[in-house]
Amino acid sequence: MLPILMNGTGLEPRKVTSRCLTSDPRPRLSPFDESFLLACVHWFERLWQLSGHSHQQESTPLHQIAQLIQTQMLALPPFANMTPEERLQTAVGVQIPSWLVGSQEACHIAEAAESTFGRVARLESSPSSTYTAAGYELCRISYEAFECTGPGRLMTLEYDGDLAVASMVETPLLNWATNPISFSARKGLTSDDMAGWINTFIDSQSPDKLMLAGSSTGDSLFIEALAKSRADSYLEDHTSLPSRHILAMGVAKATKDALESHKDDCVEVEECEDLRRKADAIAGAYRPRKPPTWPAIGPYHQEL
């Protein structure tokens with residue numbers, strides 16, 4: 001992965017899109033689309049699978065790189081202590097760095113996860129994870145039906161002490177669409193250089209909001225660069241969320257949301273209700289934290 005990062009560092013902002021299929025590549029359609037019946041067929045097929053009457057698809061061998069990634073996944077806690085049966089009952093979300101989106105290696109990561117766990121509910125980007133953790137409604141279902149477009153052009157700025165990555169994605173982040181991600185990466189910047197780089201990215205991408213992520217956002221060089229740049233006028237206050245863990249928190253929340261929401265717009269299957277009951281029994285009923293400025297949502301947007 002390091003060569004990919006090095007090749008993507010120092011370039012002008014680039015726009016990339018994921019080119020590989022997830023575990024459920026078929027579009028999830030709205031009842032307001034002309035293809036409503038296709039969505040219902042997909043729902044009945046899902047019920048058939050849940051009832052145990054579907055034939056198991058023949059497993060295909062993993063790519064060599066995917067096998068290597070799978071080995072590394074299985075060495076991580078808590079997966080290392082799980083039995084194969086337990087892992088097949090586990091749902092995961094995968095956080096893909098912006099500089100890795102659109103690469104074949106990202107597809108290998110998804111392939112390894114899909115082969116290892118029972119369900120890969122989400123492949124998330126840095127902006128989608130960060131703003132999901134903060135409680136923003138990113139409008140992942142049909143915004144035409146529910147008058148939801150989301151908070152707009154969302155920028156994240158990550159810093160780990162050396163590597164700085166700026167990313168931008170635009171809402172709505174529809175479940176069945178692949179939103180392109182614009183990003184720029186730099187290493188070894190001074191505070192003046194970083195301030196200029198931040199301003200250049202802001203000017204080229206015109207974000208509506210900016211949030212921070214990464215292990216070293218409290219670093220003095222990074223704070224100084226922010227103060228010298230124009231980032232302050234876009235920066236969202238999320239001091240209650242640890243920047244070090246905000247990406248992991250966001251992808252976990254997005255995964256939970258995906259598991260607790262029905263896949264199609266025909267009717268909700270009982271599996272979703274069971275998942276919610278089990279989760280609430282452990283953690284209590286979820287009460288989302290709403291940011292100060294909440295995007296417009298239609299009055300009947302019950303799914304969200």
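Bear in mind these aren't lab numbers, they're just calculated from the coordinates by the rules spelled out. The shown structure was predicted, so the numbers you read here are calculated from the model rather than taken from an experiment. Every residue, glycine among them, receives a Cβ derived from its backbone with ideal geometry; neighbour counts consider all protein chains shown.
Below is a table of values for the structure above.
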item	result
Calculated Rg and Dmax of the stretch 139-242 using C-alpha coordinates, Å	14.8, 47
Relative contact order (%) - criterion: Cα under 8 Å, at least six apart; region: the stretch 69-175	23
Whole-number percent relative contact order across the stretch 139-242, with pairs defined as alpha carbons under 8 Å at least 6 apart	29
Rounded to the nearest 20 debye, dipole of the stretch 139-242 from Cβ charges on Lys, Arg, Asp, Glu	180
Subset of K15/K256; K209/K278; K15/K278; K209/K256; K209/K253 violating a 30 Å alpha-carbon distance limit	K209/K278; K15/K278
Extension reserve of the A285-I223 stretch, reckoned as 0.36 nm per residue once the Cα distance is removed	18.6 nm
